[in-house]
Structure formats: structure tokens, C-alpha cells
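**Student:** What follows is a structure written as C-alpha cells; I'll ask about it next.
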Amino acid sequence: MEPRGNPFQEIKPALALDAALAEASRCLFCFDAPCTRACPTHIDVPAFIKKIATGNLRGSARTILDANVLGASCARVCPTEVLCEGACVMDDLHWKPIKIGQLQRHATDWAMRHGMRPFTAGPRRAGRAAIIGGGPAGLACAAELLKLGYEAVVYDAAKQPGGLNTSGVAEYKMTPEFSLREVGWLVEAGVQIKSGVRIGADVSLDELERQFDAIFVGVGLGRIGRLGIPGDELDGVVDAIDFIAALKLDRPHARAGRRVVVIGGGNTAIDAVTQAQRLGAEEVTLVYRRGPDEMPAYKHEVQLARESGCRFVYLHNPSRILGRGKVEAIELQRMRLGAPDASGRRKPEPAGGDPTVLTCDLVIPATGQQPRSELLESLPNVRLDRGRVAVDERTMQTSNPRYFAGGDCVSGGQEVVNAVAEGKRAAAGIAAYIESRREVSRG
Amino acid sequence: MADLKVKFAGIESPNPFWLASAPPTNTGDQVMRAFDAGWGGAVWKTLGEPIVNVSSRYSTVDFNGQRVMGLNNIELITDRPLHVNLREITEVKKRYPKNALIVSLMVESKREKWHEIVKAAEGAGADGLELNFGCPHGMSERGMGSAVGQVPDYACQITSWVKEVAKTPVIVKLTPNITDVCYVARAAKQGGADAVSLINTINSITGVDLDTFTPRPDVGGRSAHGGYCGPAVKPIALNMVSAIAQDPQVKIPISGIGGISNWRDAAEFILLGATTVQVCTAVMHYGFRIVEDMIDGLSNYLDEKGFARAGDLIGRSLPSVTKWEELDLNYKIIAAVDQQKCIGCGLCYVACTDGAHQSISARAEHGRTHVEIIDDTCVGCNLCSLVCPVDGCITMKRVDTGRPPLTWKEYQQDPAQHKHLGPHNAH
């Protein structure tokens, strides 16, 4: 099995200087720009693009990073097609939207190459916060707290920090090396990270409460649930998160199938099929229990998978995985759409008829990550809502005033840029909480 | 199909498109390739006493990612031996008898020097002569070029020396580096000039290298002001051409020069009084081939407008060029936004609010910026429609004031009668 070209080739490469200048000059410099409104971190997009056009790359990067300290990775992984670039007024002129993501990368790459700091810690104030989870939400929260003058310590269970930025982003969007370089950049600027520390096992919550004034929970999501069908324990069933993570961090043990079946209809499923295809699989099939209109994956991502040659099988659900010791085939049951369920989408139900059997050697479930229930349920007096941490959206404060939360453990799975925005809001919330406590103790 | 042939001060040309005296007309090879490409005429790069050039010689002003909005040069007149230039002129004229071949001249301000060079150029076969009274750099330090063109008496004197011996039409090329270009045009006419050409380049420093602090072009760490041309100078040239075209004391043909890059630019110069146009920068940027669209475009335009000849277009816009004091104070327009076309960029709002008359409102509506013109306070300045990136989205609509035309001169006679125009009318 031969990969087609470089299977990890970046899909949005860096712009050459001239190309960046030409693209920046195309920007209309809208007033109260829709791209800025569409960005969860509200980066002043026209301002940073104008600065690229004038050759003020330092200022451009500053504009980006002040709003989004993970601006460099967001430039690579943001679904710009549905955020800033999707809002670009050029679209209404039937012109191509400005390549905002790639311009953001141009400025932030420059900043990293030229020894700029991602942020500057503010004058020190009394107050410390513990951050549980070293993914985008936690890192953004920590950086923002440092900017405000508070101490922040990130506890991360993984060997390497960065969360899904390091382990979960499709390789052709961003490499773990880049993610780690960005995290290293934040560490140089003052973010403290304790890697390989599991809260509850290595350090107790009581201990954190003793040491810190406030605690931010940004633990993300856990594993993808088992399919719960016969054969789902066979060798050759690898969930999408593990499949991508192994390719990124443990390539010798990574799996690349010849005939691959991916189960699911979200963006992770698309990442898995596209990556499997690029690794040289002869046949990649995405099996989704609803129809194309119900698929939660972004249209542009689905298009990318289609262009890679992936086959889409809608209205089918796996009923059995067949094989002696390892996967040899998968049996699919025809489905039909019934009445709408709690999510508002029509609920799929078995349609009867004979099952279809697909020969395959790798089955990749991508049916959604489960909440980290054990950890979340151990948080004192923190209310959960359907497995997610319930928060006040403005401050990201939980039902326990000392606890704040953000990222996928709150949202159930969104973009890096949403996690950053929530981390930022939480930092402001934590600062307000710390100051209010001080007033109480003074009073 | 419209006839593009023109007759300029007696010189016949298959079309009004000439190459200006500049690097593109430096050699016979270039001029012949230009004629092959379709150029109607060429003004040979200025002949004179041998000079030495420096490097570099050019610098540009780029704008929003577009190269060469303006071009600056510090190149001098021809640096090739006179006899080589003359031999090539003869050769070109022999091979291209129907094209207009003008020879640009510049020598010391001595009568016999001018007589010599005029005879040499005409002897080689020139159809006409262009006296370079415009070059603003280098040569002007030696008392030539714009040093002559900036003093009407000198311009008149040298023109008359040339006319003493010239058998072909004499065109005087004017410098814009002067308070009122009409004075020199009149002086040229008085000296016997058959035509004028303008504008020559404008004194300029295009920019400074922010790392070395040396202005461009950099000649070993030093620089000197040069002559500016290209699309950026067109408005200045159009104004000067129209001023001379309207001057009752001039009334000789005009060859328009200054930022002409395409047939549209050419048509504008002709509408404001030029008979032929001369091009340099656009050719230095894109080559001789651009003339194909100039010929094609102008021809199609003349056909569409129902003109049989390019000459019919000359000066057609002049009757509407007037003094400010002749404009109608009671003419009123206000802006109107086509909401169907609006893309919500907000540029009109910010331009009007910060840069003009605070007569556009903006609000976010369904995540988009929605703008509206405040009719009561809109002064009809036009800025919003100029900055709007969408074609036809903001238009200016006529408002009937119900009042007869009124000029400033009439208004001044009795302002009290026209209270609606006074400052008390402000909101």
C-alpha cells in the first residue's frame, strides 16, 4: 500500500510574501467588520490584515495574539470557511473571500520566527488559579490570567501538552511539532505546565483548593464510546481519536488500512476518512446512519473528503463486525428517518431488509467522544448538564463559585477558537472572582 | 469602423498613439518593433551632446499591491552617439514611411547648436521636431530641459532659433514644474511653435528606503530628485492639457502626455483637447503590445458613440470645463443606497461619518451592517459612492430644488435673496 504523495501534506500552506501582500491588499478594510464579529475571539481582522499590507508584521501579530493567544494554531485549524471567511463581504460580490486564515498564519509565523512574545505578563497581583487541562481552553485561560497579573499553573494528564491541538488535529492541518512549538512559546512567556499529572490520582482536588484561589476546568472530552455491537473488540477496530493520535504521536504503531470503514457523520469522521485515503487505502467508506442533509460535518470538510475519493454510505448503521481475531468485514443495517429526536434531527431507525456486508480490514468508529464523567462528577458542587459542565456563559463560572470551566467539557465539542474564547472569558471571570473575594476579606 | 488617422500640425499618423521620447524610443530596433505592433508614431529619445548615465535610474510608487502606479526616473537624454541615432532614424523612416517619426532635441542654449541639431535631425528624415524643454533632472542643472521650460522668455527665444531653420513642424514639450503652464505655451506659440506636447515629468522623490534612509533610486547611497510619470500623474496632465486647450492665446495642436495606459485614458486626453497622445510608462511596464487594445478600444468606442473619425473627438469636453464660479449652486443631488446590492462593508458609513458630512447611519441587522442615507443632511458630496466597492450600489440622485440655476457670481450680488444656500441652512 502506497500513500498518495505526502499523506500529511498541509492543505493550507504558508503564503509567500508577495502572495500575502497581494491578498492583504484585496481586503476592503470593512468598518465593524463581519469577519471580526464571526470570530469567537473577535480578532480585529481588517486591522491585522491592513498591518500586513503596510509591512507592520509585528503589529499585525500583536493584534491577533492580543485577542487570541493561540492565533498561530487557530490560523491552521480554524474552520475559517464557516467563521471569518464565511462572513467575508467578498462573498456577496461573488469574489473569493480574503484568505484570512492564511494571512493570520503569515503574521503569527513571522512573530514566532522573530522572537516576539505571544503575550506579556502583567504587573503581579495577589491571586492564583489552577488550570486542569493543558488544551486550548486551559492554555488560553492561563495566558490571559498572566496578562492580568495572576499566577496560573496548568495541570495536564497527557505526556505532551496542547490537548487535541497536539494529538487530535488531522496531520494535514497541523503537526504536533507545531502545536508543541506554540505551547513552548507560551511557556517561554510564563505559562507554567505540569505534564503527566492526573487530578484525582496524582494531585487531589483538595490539594488544589488549598493552594489556589480558583480552579479552571478545561479537561475536554474522553474516548469515543464503543460501538456496542458484536465484534467491536476485534483487532482492527480503532477509534478515530486513537487513529489520528497514533499517526501524530506514535507513528510506528499507527494503523493504515487497505479497506477502511469509518462510522460517523461529524468532522472527526471526515478527518479520519480523509487521512485514511491520503495514507493510500484502496477504499475508504464513510457509513452514516442519517442522510447527507443531517450530517453535522462542515460542508467544506465533506467536500474535501469527497475530493479525496471517499465513498459515502448514508442511512446505514453497523450491526456486526466480522472476523476471526481481526476485522475482515462489517455488516450494515439499512436505516430510515423517523420522528425528530431531542437534537431536532429526525431519528434514524432500522428499516429492515437484508444487511449489506462490506469487506474491510480497518473499522474506525467516529461516533462522538464521551464526557470525562468520572472526573467531572468528582468536582464538588459543580452542576453538570447532560454530562457537560454547566456554566454562566459570560464568566464561565460553574455552580461552585471557585470553579470555572471552558472548552469541550462545557460545549460538548467545538473548535479550538471557541475553547480559546471560553478560556479568555473564564480568565476575566476568575479575575473578577479573586478581586471580589479580596474585597470581602478586607470588608 | 471609425478612422483613427490624424493629422497633427501637418504630420500624418495612422492613429493618435505615439511613443513618448523616453527609453522605449532609444533605438531603431525598438521603434521599428513598436511600429510593427501598431504604434502610429514615435518621438525619438532626445538627441543632444553625449552624456553619461548613472545606475540605478528608476523607482516606482506601488499602490495596494499594484506595481508602478507612478514611475520616477533620473535617466538623461540619449547616451548613444549622435551619428548612430541619425543613421537609425533614416533607416526607420525609410522602412516605415507612413508612421510619424518625431525627433526630440535638447542642446545648450546657443543659437548655432540648435541650428546644427535641427538640420541633422531633419537631414536624417524626421517628420517633425520636439524641443525638450521639460526634462526636470540632470539636464536642468546644466541650463537645459526644464531650466528653459520654466522661463517663458527662454522658451520663446529657443523656439524662434529653431524656427529659423526648421522645415518640419516644431513641437515644444512643456514642463509641469511651473505655476501656470499656459505662460510657457503662449511663449512657445510666440516663438513660432507649431504645437505643444505635455506634460513632461514632475519633480519627485518617490520614497525612502526605511532601512538605509536613502531615497530611491539609490545611486551608491545617494539619490537625486527625478521626474515622475505613470498613471498617478494623469489628473495633473489632464488639467494642464485642458487649460492650454482653452487658452485663446495658444490655439495650436496639443500632444497629450501623462499616465496614458489605455484607450480610455487616451480618449480623455483627446476629449480635453489633445490631437495625439504619447505613452511611455505603460510600455515600460508591459511592452509595445498594449497598443493593440488602445487601437481596438478607441475604435470600438468611436463606433459606439457614432464618431466617424478620431479627430471628431478632439476637445468635445472643453465646453463643460469651466471656472468654479460658473457652477450652479442650486443643482442638488443626494446619495441613494441600493440595499439589494449592499454587502454591508460599512465603508460608506465610516467615510461619511469621519471624513465628510455625518449623513449615513449604520446599525447591525441580522449580523450585517445596514446603512441608510440621512437625506435631510446629505450634501451630495459623492464620497460614499466613491468608496463603495460595489458597482452601482450607491448612486447620486437628482433632487429638484425648484430653483433656477444660480452661479456664485449671481449669488454674491445679493446673498440675502438666496437664504437656502447660506450657513444658516446647516442642520
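Computed from the coordinates by the stated procedures, all read-outs in this text should not be read as laboratory data. Owing to the predicted nature of the structure, the values given are computational and were not obtained by experimental measurement. Because the Cβ atoms are built from the backbone with ideal geometry, glycine has one as well, and the counts that use them run over all protein chains shown.
**Student:** Toward the positive end of the charge dipole of the protein assembly as shown, about the Cα centre and with charges on Cβ (Lys, Arg +1; Asp, Glu -1), which of A:357, B:8, A:15 goes farthest?
**Tutor:** Positive-most Cα among the choices belongs to A:15.
**Student:** Once you put a point 7 Å from the Cα of residue A:82 and another 7 Å from the Cα of residue B:51, both along the Cβ direction, what distance in nm separates them?
**Tutor:** 6.5
**Student:** Starting from the Kirkwood radius over alpha-carbon pairs of the protein assembly as shown, derive D by Stokes-Einstein at 10 °C in a medium of 1.306 mPa s and give it in µm² s⁻¹.
**Tutor:** It diffuses with D of about 48 µm²/s by this estimate.
**Student:** Now a separate question. Using each residue's phi in the stretch B:248-262, evaluate 6.51 cos²θ - 1.76 cosθ + 1.60 at θ = phi - 60° and report the 3J(HN,Hα) Karplus result to the nearest Hz, with x for Gly and Pro.
**Tutor:** Here the 3J(HN,Hα) series is x, 8, 9, 6, 10, x, 10, 9, x, 9, x, x, 6, 10, 7 Hz.
**Student:** Size of the dipole of the stretch A:17-113 about the Cα centre, Lys and Arg at +1 and Asp and Glu at -1 on the beta carbon, nothing else charged, in debye to 20?
**Tutor:** 320
**Student:** For a footprinting-style exposure proxy, rank B:105, A:234 by other Cβ within 10 Å, fewest first.
**Tutor:** Fewest to most other Cβ atoms nearby, the residues stand as A:234, B:105.
**Student:** Could you tell me, in Å, what Rg and Dmax come out for the Cα atoms of the stretch B:205-306?
**Tutor:** 17.3, 56
**Student:** Looking at the square roots a ≥ b ≥ c of the eigenvalues of the Cα gyration tensor of the stretch A:169-262, which shape do they give, rounded for a/c under 1.5, prolate if a/b is larger than b/c, or oblate?
**Tutor:** Note, shape of the stretch A:169-262 comes out oblate.
**Student:** Right, another one. What percent of all Cα-Cα pairs in the stretch A:223-369 falls in each 10 Å bin, counting up from 0?
**Tutor:** Percent of Cα pairs in each bin: 12, 43, 36, 8, 0.
**Student:** P(r) tail for chain A, what percent of Cα pairs lie past 30 Å?
**Tutor:** 48
**Student:** Going by Cα centres, the stretch B:125-190 and the stretch B:272-327 are how many Å apart?
**Tutor:** A separation of 24 Å, based on Cα centres.
**Student:** Continuing with this model, one more query. Too long at a 25 Å Cα-Cα cut-off: which of A:159/A:326; B:113/B:163; A:50/A:99?
**Tutor:** A:159/A:326
**Student:** For the stretch A:48-62, in order, what is each residue's ³J(HN,Hα) by Karplus, 6.51 cos²θ - 1.76 cosθ + 1.60 with θ = phi - 60°, in whole Hz (x at glycine and Pro)?
**Tutor:** The phi angles translate into 6, 6, 4, 5, 5, 4, 8, x, 9, 6, 4, x, 4, 4, 4 Hz.
**Student:** No partner Cβ under 4.7 angstrom, meaning no disulfide-compatible partner by this rule: which Cys of chain B qualify?
**Tutor:** Lone cysteines by the Cβ rule: B:135, B:156, B:182, B:229, B:280, B:342, B:352, B:378, B:381, B:388, B:393.
**Student:** Over chain B, what is the relative contact order in percent, taking alpha-carbon pairs closer than 8 angstrom and at least six residues apart?
**Tutor:** 14
**Student:** Here is a follow-up. I need the Debye-formula profile for the stretch A:305-432: one equal scatterer per C-alpha, no solvent, reported as log10 I(q)/I(0) at q = 0.09, 0.10, 0.12 1/Å, two decimals.
**Tutor:** -0.46, -0.56, -0.72
**Student:** Report, to one decimal in Å, the Kirkwood hydrodynamic radius for the stretch A:17-113 based on all distinct Cα pairs.
**Tutor:** The answer is 12.8 Å.
**Student:** Along Cα→Cβ, 7 Å out, is where each label goes; now give me the distance between the ones at residue B:292 and residue B:224 in nm to one decimal.
**Tutor:** Spacing of the two 7 Å Cα→Cβ label points: 4.0 nm.
**Student:** Counting helices only, and only those DSSP H runs with n ≥ 4, report the 222 nm mean residue ellipticity of the protein assembly as shown as the sum of -39,500 (n - 2.57) divided by its residues, in deg cm²/dmol to the nearest 500.
**Tutor:** Taken over the protein assembly as shown, the calculation gives -10000 deg cm²/dmol.
**Student:** Straight-line reach from residue A:147: which aspartates and glutamates have a Cα under 20 Å away, not including same-chain ones fewer than 8 places off?
**Tutor:** A:44, A:66, A:182, A:188, A:213, A:422, A:435
**Student:** Moving on. If the cut-off is 30 Å between C-alpha atoms, which lysines fall inside it for residue B:409, apart from same-chain ones fewer than 8 positions away?
**Tutor:** B:251, B:323, B:332, B:397, B:419
**Student:** Right, something else. Could you work out, residue by residue across A:349-361, how many beta carbons of other chains sit within 10 Å of that residue's beta carbon, and then give the average as an integer?
**Tutor:** Neighbouring Cβ atoms belonging to other protein chains average 0 per residue here.
**Student:** Within straight cross-link reach of residue B:93, meaning Cα distance under 18 Å, which aspartates and glutamates are found once same-chain residues fewer than 8 apart are removed?
**Tutor:** Answer for residue B:93, where 18 Å is the Cα cut-off: B:12, B:29, B:36, B:122, B:127, B:130, listed by chain and number.
**Student:** If you count, for each residue, the other Cβ atoms within 10 Å and average over each peptide, how do B:41-53, A:340-352 line up from highest to lowest?
**Tutor:** B:41-53, A:340-352
**Student:** Also, quick follow-up: At residue A:22 and residue B:300, where each label point lies 7 Å from the Cα along Cα→Cβ, what is the point-to-point distance in nanometres?
**Tutor:** Roughly 2.4 nm, to one decimal.
**Student:** On to the next question. Working from Cα positions, state the angle (0 to 90°, nearest 10) between the long axis of helix B:181-191 and the longest principal axis of chain B.
**Tutor:** 30
**Student:** What's the angle, to the nearest 10 degrees (0 to 90), between helix B:152-165's Cα axis and the longest principal axis of chain B?
**Tutor:** Once rounded, the angle reads 40 degrees.
**Student:** Continuing with this model, one more query. Just list whichever of B:94/B:173; A:12/A:173; B:234/B:305 have alpha carbons separated by over 19 Å in the model shown.
**Tutor:** Listed pairs above 19 Å: B:94/B:173; B:234/B:305.
**Student:** Once Lys and Arg get +1 and Asp and Glu get -1 on their Cβ, which of A:82, A:61, A:48 lies farthest toward the positive end of the dipole of the stretch A:17-113?
**Tutor:** Of A:82, A:61, A:48, it is A:61.
**Student:** Provide the net charge surrounding residue A:337, with neighbours chosen by a C-beta distance below 11 Å and charges set as Lys +1, Arg +1, Asp -1, Glu -1.
**Tutor:** Around residue A:337, the charge tally is +2.
**Student:** Moving to a separate point now. Counting alpha carbon pairs within less than 8 Å and at least 6 residues apart, what relative contact order, in whole percent, applies to chain A?
**Tutor:** Computed over chain A, the figure is 17 percent.
**Student:** State, in angstrom, two size descriptors of chain B derived from its alpha carbons: Rg to one decimal place and Dmax to the nearest whole number.
**Tutor:** Cα only, chain B: 24.7, 79 Å (Rg, Dmax).
**Student:** Rounding to the nearest 10 and keeping the result within 0 to 90°, find how far the Cα-based axis of helix A:136-148 lies from the longest principal axis of chain A.
**Tutor:** 0
**Student:** Please report, in debye to the nearest 20, how large the charge dipole of the protein assembly as shown is about its Cα centre when each Lys and Arg carries +1 at its beta carbon and each Asp and Glu carries -1 there.
**Tutor:** Computed about the Cα centre, the dipole is about 420 debye.
**Student:** Toward the positive end of the charge dipole of the stretch A:82-220, about the Cα centre and with charges on Cβ (Lys, Arg +1; Asp, Glu -1), which of A:97, A:187, A:214 goes farthest?
**Tutor:** Result: A:187, furthest along the dipole toward the positive end.
**Student:** If you don't mind, another one. In whole Hz, with x marking every Gly and Pro, tabulate ³J(HN,Hα) for the stretch A:223-233 from phi via Karplus 6.51 cos²θ - 1.76 cosθ + 1.60, θ = phi - 60°.
**Tutor:** 6, 7, x, 4, 5, x, 10, x, x, 6, 9
**Student:** Would you mind working out the magnitude of the charge dipole of the stretch B:6-320 relative to its Cα centre, with +1 at each Lys and Arg C-beta and -1 at each Asp and Glu C-beta, to the nearest 20 Debye?
**Tutor:** 500
**Student:** While we're on this one: Can you pull the semi-axes for the stretch A:131-172, root of five times each eigenvalue of the Cα gyration tensor, sorted largest first, whole Å?
**Tutor:** Rounded to whole Å, the semi-axes are 22, 11, 6.
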